[in-house]
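Step one of this worksheet: look at the structure below.
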Amino acid sequence: MGKYHNKATVRDGRVFDSKKEAQRFTELSILENAGIIEGLELQKTFELIPKNGSERAVKYIADFYYYDKEKKTYICEDAKGMRTQAYIIKRKLFKYRY
């Protein structure tokens, strides 16, 4: 069991951090197979602040990233059960940068 009482779950041979994330993967897989979305990526990394001297870069890792053909836009989403302070800050930086 994880820090926030999430339970790792295996779906289609992949290990997900939570049941919620595994369920969302199943839903997105169905949408991709139906041709509604395309290019589904898991755990896509986005650089929020580049490396600066000895400081490491600040990165945001999205649970899912895909192209929604109906909305004609890319979607970046997380399947979070709890919004931590780090998540809230990184979400704001992501929206600002991208």
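Just so it is clear, none of the values below were taken in a lab; they were calculated from the coordinates. Just so you know, these numbers come straight off a predicted model, no measurement behind them. Cβ coordinates were reconstructed from backbone atoms using ideal geometry, including for glycine residues, and neighbour counts include every protein chain displayed.
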Note to self: In whole Å, what are the extents of the chain along the principal axes defined by its C-alpha atoms, from largest to smallest?
What the structure shows: 45, 37, 21
Next item on the list: Please check the chain for the longest run free of trypsin sites (Lys or Arg not before Pro) that are loop-located per DSSP (anything but H, G, I, E, B) and have at most 10 other Cβ atoms within 10 Å.
Entry: 4-50
Margin query: Between helix 85-97 and the chain, what is the angle of the helix's C-alpha long axis to the longest principal axis, kept within 0 to 90° and rounded to the nearest 10?
Written below: 90
Check: For segment 18-77, which GluC sites (Glu not before Pro) are in a loop by DSSP, counting at most 11 other Cβ atoms within 10 Å?
Finding: 70
Checklist line | Degrees between helix 19-33 axis and first principal axis of the chain (Cα, 0 to 90, nearest 10) | finding: 60
Check: Once you put a point 7 Å from the Cα of residue 78 and another 7 Å from the Cα of residue 44, both along the Cβ direction, what distance in nm separates them?
Finding: 1.6
Notebook entry, point to check: So which residue, out of 53, 35, 13, gets the largest mean-square fluctuation from a GNM of the chain using Cα contacts under 10 Å as springs?
Noted result: 53
Item checked: aspartates and glutamates with Cα under 13 Å of residue 80, excluding same-chain neighbours fewer than 8 positions away -> 17, 21, 63
Check: Taking θ as phi - 60°, what are the ³J(HN,Hα) couplings along segment 40-45 by the Karplus curve (6.51, -1.76, 1.60), each to the nearest whole Hz, with x for Gly and Pro?
Finding: 4, 10, 10, 6, 6, 9
Margin query: In whole Hz and in residue order, list the ³J(HN,Hα) couplings for segment 61-66 that follow from phi through the Karplus curve 6.51 cos²θ - 1.76 cosθ + 1.60, θ = phi - 60°; x for Gly and Pro.
Written below: 10, 7, 5, 9, 9, 7
